[in-house]
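In what follows, a single structure is set out as structure tokens and then discussed.
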Amino acid sequence: MQDRQIQFGPFSLGGEPVCLRRGSDSIKLRPMSLQVLRYLSERPGQFVSKDELLDRVWTGRVISDSGLRLCVREIRAALDDDAQNPHYLETVVGKGYRFLEGAGGKAPYPDSTGPIVGRDAELSRLDDLYQRALAGHTQFVLLAGEAGIGKTTLLNSFLDRISKGHDAHMIQGQCVVHYGKQEAYAPVLEAISSFYRDHTDTRFIKNMERHAPGWLLQLPEMLDAMLFERVERMTEGMAPERMTREFCRLIAAMSEKLPLIIVIEDLHWADVSTIDLLASLAEHDNLPLMILGTYRPADAVLYSQSLRDTVRELKGRGLCQELLLELLTEADLAKYLTGRLNGEVSDNLIEMVYRRSEGNPLFMAKLVEAFIKKQVLVCHDGLWCAVKETEALESTIPESLQSLITRYLEALPQAHKELLEVASVVGMQFSSAAMTDALAKTVEEIDSACEQLTVDQQFIESANLLTWPDGSITGSYHFRHHLFLEIIYHQIATARRARIHRKVGKRLEAGYGERVSEIAASLATHFDLPPSRRSDVTPMQPLSTS
């Protein structure tokens with residue numbers, strides 16, 4: 001099989017041993033990168049999962065996700081391919097890859113990905129900060145945003161650019177949620193272990209023995225028996241705080257010959273030791289070092305007060321840069337759809353997807369994938385549009401989105417979940433006063449709970465203070481996305497939902513008294529509930545605001 005020549009664009013791959021050529025010129029690639037390229041190129045147009053690659057290419061060997069990503073970056077650099085607009089190698093974010101054969105036009109394969117859009121300013125900012133790191137000024141950069149906003153996509157795009165234009169060491173780890181006691185430095189230990197597995201560099205072991213023996217002792221897979229005994233003697237009676245000093249010395253030594261990028265994702269789940277370690281490293285502001293972290297502010301509220309305090313302090317001292325990723329614009333969506341579908345897109349399709357996604361990149365991508373899988377998108381005269389009824393498409397909520405939102409909902413205290421359920425019955429914009437009967441709580445108690453929920457800005461945000469006709473002064477709030485409302489609403493049992501509607505309706509009647517006609521449309525949804533609740537009911541207009 002290996003001597004068969006595979007042709008794509010100006011490239012050929014084959015021979016014994018396997019070699020990549022452009023015309024008659026050989027292109028240097030590491031053996032494992034060549035094997036990955038061969039495996040993918042033998043399956044043009046097919047989705048290949050990360051697990052399949054790890055199982056078939058690295059048979060019998062242990063390899064990390066970061067090792068696989070390194071191979072992919074090397075392949076892209078060799079093919080001069082663009083991760084944002086791939087001609088040969090397409091990433092199916094979080095799942096795997098697809099080889100495109102360099103085709104000029106691509107059908108919209110399911111479970112694929114479109115171009116990265118709306119992040120040019122952030123990429124440019126990361127490039128500028130990396131140049132400062134190269135000049136010997138340590139940079140600690142946090143990419144912040146909620147689930148699905150595109151932090152990992154932006155991060156991978158930036159790292160792809162770096163791998164093409166610069167020689168640098170990259171150490172990558174990821175935090176995971178824990179329900180028991182967390183292991184100190186867990187994501188950093190994972191990052192060091194992955195770096196060693198991907199490079200098998202004996203100089204790295206020597207550096208660790210010299211500068212960070214305490215860390216080396218935590219990674220027995222990197223030690224033979226003789227070295228283990230030697231390191232154990234060196235670290236006998238070592239104080240815990242020495243771990244931080246050792247790590248800083250190791251990083252300084254590693255960055256002497258090549259600039260270093262340390263990546264730790266999902267810092268909202270990091271243990272306190274890891275957060276303190278990164279903060280201490282940021283204090284060493286004279287290294288060719290870039291520390292990149294990602295985190296979700298909403299989860300930081302739930303899981304990591306330490307992260308929030310540390311970020312606040314470092315930003316105040318100018319030792320940390322935070323890039324908060326915003327929602328995409330309708331123009332960004334149009335560009336995404338054009339790239340994802342490889343053709344021009346009708347205004348109606350753009351408007352419909354944007355209205356449903358409201359600029360959330362994950363929601364946008366999941367909705368488009370759902371439409372592609374349902375085969376409801378067609379290309380007429382070079383213009384992509386939907387072939388089924390718009391109303392049916394607009395009710396589509398991909399299962400992956402339902403699972404994601406449900407997972408966040410289940411992490412909340414029971415009282416907050418019940419509050420959101422009642423709020424979803426009231427509507428997109430809701431007031432505390434409307435929920436008192438359904439929750440059997442006072443306005444003050446509900447306002448207090450709502451304010452707690454608005455701190456993380458995950459489900460709801462604050463709106464105006466209202467005064468009802470009966471004199472009730474009440475806070476008002478609104479859901480951050482109508483999909484939150486829809487998913488929460490439809491998870492309520494039908495009988496219970498009807499009871500909540502009735503209690504909300506009676507409370508509104510009592511509160512508006514003789515002026516109840518002003519909210520007739522809203523009352524109709526509570527007393528004459530249609531079989532399928534509409535999420536576009538006109539919200540009550542405030543009578544007065546304070």
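Coordinate-derived values only; no laboratory data. Model, not experiment: these values are computed from the prediction. No Cβ is skipped: glycine too gets one built from the backbone with ideal geometry, and neighbour counts run over all protein chains shown.
Backbone phi angles across region 420-430, fed through the Karplus curve with coefficients 6.51, -1.76 and 1.60 (θ = phi - 60°), yield HN-Hα couplings of 5, 5, 5, 4, 5, 6, 5, x, 4, 10, 9 Hz in residue order; Gly and Pro are listed as x. Each Lys or Arg adds one and each Asp or Glu takes one away; over the other residues whose Cβ falls under 9 Å from the Cβ of residue 76, this sums to -3. Axis angle, to the nearest 10 degrees, between helix 330-341 and the longest C-alpha principal axis of the chain: 60 degrees. Only aspartates and glutamates eight or more places from residue 503 in sequence, or on another chain, were considered; those with a Cα closer than 18 Å are 418, 421, 437, 445, 470, 528. Sequence-ordered 3J(HN,Hα) estimates for region 23-33 from the Karplus curve with 6.51, -1.76 and 1.60 and θ = phi - 60° stand at x, 9, 8, 7, 10, 6, 9, 4, x, 5, 5 Hz, glycine and proline given as x.
Once the Cα atoms of helix 242-254 and of the chain are each reduced to a long axis, what angle between those two axes, in degrees from 0 to 90 to the nearest 10, is obtained? Between helix and principal axis, roughly 60 degrees.
Mean residue ellipticity, 222 nm, helices only, the chain: the sum of -39500 (n - 2.57) across DSSP H runs of n ≥ 4, divided by residue count and rounded to 500, is -15000 deg cm²/dmol. Against the empirical curve 2.2 N^0.38 Å, the C-alpha radius of gyration of the chain lands at a ratio of 1.13. Each of 294, 138 has some number of other Cβ atoms within 10 Å of its Cβ, and from fewest to most they run 138, 294.
For residue 206 and residue 379, a Förster radius of 51 Å and the Cβ-Cβ distance give a FRET efficiency of 0.30, rounded to the nearest 0.05. On a 0 to 90 degree scale, rounded to 10, what angle separates helix 443-456 from the longest Cα axis of the chain? Here the helix axis deviates by roughly 20 degrees. Around residue 319, what is the net charge, scoring Lys/Arg as +1 and Asp/Glu as -1 over all other residues with Cβ under 15 Å from its Cβ? Summing Lys and Arg as +1 and Asp and Glu as -1 gives -2. Couplings 3J(HN,Hα) for region 67-76, derived from phi with the Karplus relation 6.51 cos²θ - 1.76 cosθ + 1.60 (θ = phi - 60°), are x, 5, 4, 4, 4, 4, 5, 5, 5, 4 Hz, where x marks Gly and Pro. Comparing Cα centroids, region 309-323 and region 13-36 end up 45 angstrom apart.
For region 410-527, dividing the convex hull volume of the Cα atoms by the residue count gives 97 Å³ per residue. If one computes P(r) from the Cα atoms of region 301-361, what percent of pairs lie at distances over 14 Å? Percentage above 14 Å: 66.
Annotation for region 185-221 versus region 329-387: alpha-carbon center distance of 46 Å.
Near the amide H of residue 384, within less than 5 Å, lie the amide hydrogens of 344, 345, 346, all on another chain or at least 5 residues away, with H placed in the peptide plane. Toward the positive end of the charge dipole of region 219-274, with +1 on the Cβ of Lys and Arg and -1 on the Cβ of Asp and Glu, the farthest Cα among 223, 270, 253 is that of 253. Within a straight-line Cα-Cα reach of under 12 Å, residue 257 can be paired with the following aspartates and glutamates, leaving aside sequence neighbours fewer than 8 residues apart in one chain: 167. The fewest-to-most ranking of 329, 525 by surrounding Cβ atoms within 10 Å reads 329, 525. Taking only the Cα atoms of region 120-324, the radius of gyration and Dmax are 16.8, 52 Å. With a threshold of 31 Å on the Cα-Cα distance, the over-threshold entries among 366/441; 28/374; 164/335; 151/181 are 366/441; 28/374.
What translational diffusion coefficient, to the nearest whole µm²/s, does region 6-99 have by Stokes-Einstein, given a Kirkwood radius computed over alpha-carbon pairs, a temperature of 4 °C and 1.567 mPa s viscosity? Result for D is 96 µm²/s.
The convex hull drawn around the Cα atoms of region 330-396, when projected onto a plane and averaged over every direction, covers 3.8 nm².
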